Amino acid sequence: MATLALAVASTLVFAVWTTRDRTILNTAAFFYVDSGLAAIELPRYREYLQQSTDPDALTRLAHLERAAGPAIDRPVHPLATVEALRSDRDFDRDLHADKVVTPSDPAYPEWQRERRQFDDLEASAMGPQLALSARSWNEPWRLLTHLLVRPSAPAWLTSLLVLLLIGPLAEAAAGVGLFVLCYLGGGAFGAVVNLLFSSRPTDADWAALAALAGLLATTFGTRSMHARLALTEKTIGIPGLAALLIVVGLEAARWLVGAREAIHLPADLAGLAFGAVLTRTVKLHNSHRFEELTEQQPARTTTTPRHSGLAHQAHEAAKNQDTRRAKDLFKELVDLEPQRLEHLCAYLNVALLGPDETTLQDAALRLLWLRSRSHSDQMRKAFLQLTQPKVLKVLPIDEHLRLARRLVRLREDAAALRVLDAILTDSHLRQLYGRQLADCLLGIYTGYVRRRMTTLAEQIRSRLTTYFEAPDDLGGIEKASHPPTTLLTSGPRSRMPPRS
């Protein structure tokens with residue numbers, strides 16, 4: 001949603017204000033020539049460029065002479081000439097500080113009056129009010145508002161294309177808040193670098209886009225993010241570095257087609273560095289979102305008319321509280337589609353309503369041995385349901401520990417601890433499953449330390465030191481690597497391979 005909001009905002013600014021601004025700025029440019037400002041300022045600007053040591057000075061001088069034509073005081077292209085002068089922030093600053101036309105100059109009173117009137121005309125346009133300028137240090141909001149300013153249709157389209165390509169992935173990886181912070185912070189930091197090290201403006205939001213590319217490249221590197229194709233059920237793997245390649249490739253294309261004046265490499269590198277440092281600071285690669293995006297989603301089983309019919313009947317039976325029929329129908333469905341989470345959850349819900357412990361155990365085991373690392377809300381709720389005493393009662397202790405490990409992966413640490421504490425209080429079980437219990441506790445402890453939850457981490461450390469005084473001597477039963485026999489002999493699951 002944040003990506004869409006940014007795209008809409010930049011489009012509205014370009015579509016609504018740019019057309020209006022062009023009319024205002026054209027009027028101001030003709031006033032600039034007719035009032036005599038051009039005759040006073042442009043010869044001095046040309047002399048300023050000829051004497052300047054700025055490496056961009058020759059390029060600016062060539063641009064000025066093309067725009068002005070043979071007569072510097074009567075430029076052929078007034079608007080282009082004014083924009084060339086205004087884009088040179090050093091000269092613009094000196095001009096407004098009375099260092100170009102000094103109070104001792106005979107033309108100063110007239111120039112000051114006409115210059116003030118020209119500035120008022122320019123100020124009525126939105127673009128100059130939002131863009132970076134020599135006055136940005138006194139008007140710091142320009143460090144952010146310049147991200148919305150597009151000097152031309154090609155610049156707007158290119159920025160919009162990059163935002164729509166990498167923005168959704170960055171937003172999915174970082175969340176809305178961190179995504180907005182990365183975009184605005186990268187853009188502002190790039191603007192500061194541009195103001196410090198260049199006299200020409202940077203082009204719109206390229207530093208901000210580079211920050212998003214830095215976020216993705218630093219978080220994922222060569223590892224693929226799995227994104228669903230629009231209007232399909234298919235997913236594709238996109239390496240994190242692809243975002244960086246997109247930005248670099250388009251910058252190179254802009255350079256080749258002649259948009260070199262709008263490219264400011266230090267500002268773009270500053271934005272890239274901001275995104276990378278922000279990602280490292282918040283440890284985005286340790287987050288749930290990282291795990292979800294890098295996880296290869298299992299292929300969906302093709303839904304046949306038979307499956308659809310069974311599903312409809314099962315849901316109707318559950319709706320009519322015919323739990324026995326609903327149980328049988330959902331069991332048939334999960335036999336046909338053993339990886340379909342929604343059917344497994346429905347099967348568990350129906351089993352929880354009935355008195356049959358065998359069915360409840362079967363439903364719980366199917367979920368626990370589901371070959372998926374999904375962190376969806378549906379998966380999270382299903383595993384929290386398995387912590388109910390009614391379910392734990394029918395599960396072997398091995399499966400209690402498997403449930404605790406799955407809960408740790410889902411960051412449901414409190415629920416995992418309830419399961420583990422019930423086992424830890426039994427000295428016989430603690431000895432029998434020592435290694436597995438310690439591993440689960442260490443997983444929770446590591447998660448708390450990474451998230452800097454010091455108090456909770458100390459509580460887990462206390463459990464470890466209380467129950468496991470000599471970690472090197474821990475032994476006990478290893479965790480099962482094969483599904484229970486009941487699953488291996490149940491329908492299509494008879495072909496389930498061993499798993500660790």
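The values are calculated or read from the model by the stated rules, or taken from the named source; none is laboratory data. Treat the numbers as computed from the prediction; the structure is a model and nothing was measured. So basically every Cβ, Gly included, is an ideal-geometry build from the backbone, and we count neighbours across all protein chains shown.
Residue count for the range 452-462, restricted to those that are of a type in the set (D, E, K, R) and part of a helix (DSSP H, G or I): 2.
Given the range 335-401, what helices (runs of 4 or more DSSP H) lie entirely inside it while holding 2 or more residues that are buried (at least 19 other Cβ atoms within 10 Å of the Cβ)?
In the range 335-401, the matching helices (runs of 4 or more DSSP H) lie at 341-353, 357-368, 377-385.
Evaluated against (1) surrounded by 19 or more Cβ atoms within 10 Å (Cβ to Cβ); (2) touching an Asp or Glu at 6+ places or on another chain (Cβ under 7 Å), Leu420 falls short on exactly one condition, (2).
Scanning the range 411-451 for residues that are assigned to a loop (DSSP other than H, G, I, E, B) and closer than 26 Å to Ser376 by Cβ yields a count of 3.
Table: residues versus (1) among the small types (Gly, Ala, Ser); (2) more than 26 Å from Ile460 (Cα to Cα); (3) modelled with pLDDT of 90 or more.
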residue	(1), (2), (3)
Leu360	no, yes, yes
Leu370	no, yes, no
Leu386	no, no, yes
Val408	no, no, no
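The set of residues from the range 273-321 being within 24 Å of Ser224 (Cβ to Cβ), in a helix (DSSP H, G or I), at pLDDT below 80 and hydrophobic (A, V, I, L, M, F, W, C) comprises Leu284, Phe290, Leu293. Residue-level check: of (1) in a helix (DSSP H, G or I); (2) within 15 Å of Leu144 (Cα to Cα); (3) at pLDDT below 85, Ala208 misses just (3). Of the residues examined, Leu160 is one that is buried (at least 17 other Cβ atoms within 10 Å of the Cβ), in the same structural domain as Trp206 (by TED's automatic domain parsing), within 32 Å of the chain's Cα centre (by Cα) and not small (Gly, Ala, Ser). The condition (being within 25 Å of Pro338 (Cβ to Cβ), of a type outside the set (D, E, K, R) and modelled with pLDDT of 70 or more) is satisfied by just one residue among Pro492, Pro484: Pro484. Selection over the range 23-59 of residues that are of a type in the set (D, E, K, R), out of contact with any Ser or Thr (no Cβ under 8 Å at 6 or more places or on another chain) and in contact (Cβ under 8 Å) with a residue 12 or more places away in the chain gives a count of 3.
On inspection, Ala7 qualifies as surrounded by 12 or more Cβ atoms within 10 Å (Cβ to Cβ), within 37 Å of the chain's Cα centre (by Cα) and either part of a loop (DSSP other than H, G, I, E, B) or modelled with pLDDT of 85 or more (or both).
Let's see how each residue does on (1) of a type outside the set (Lys, Arg); (2) more than 30 Å from Ala38 (Cβ to Cβ); (3) modelled with pLDDT of 90 or more; (4) in the same structural domain as Val248 (by TED's automatic domain parsing):
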| residue | (1), (2), (3), (4) |
| --- | --- |
| Pro103 | yes, no, yes, no |
| Leu144 | yes, yes, no, no |
| Gly177 | yes, yes, no, yes |
| Ala191 | yes, no, no, yes |
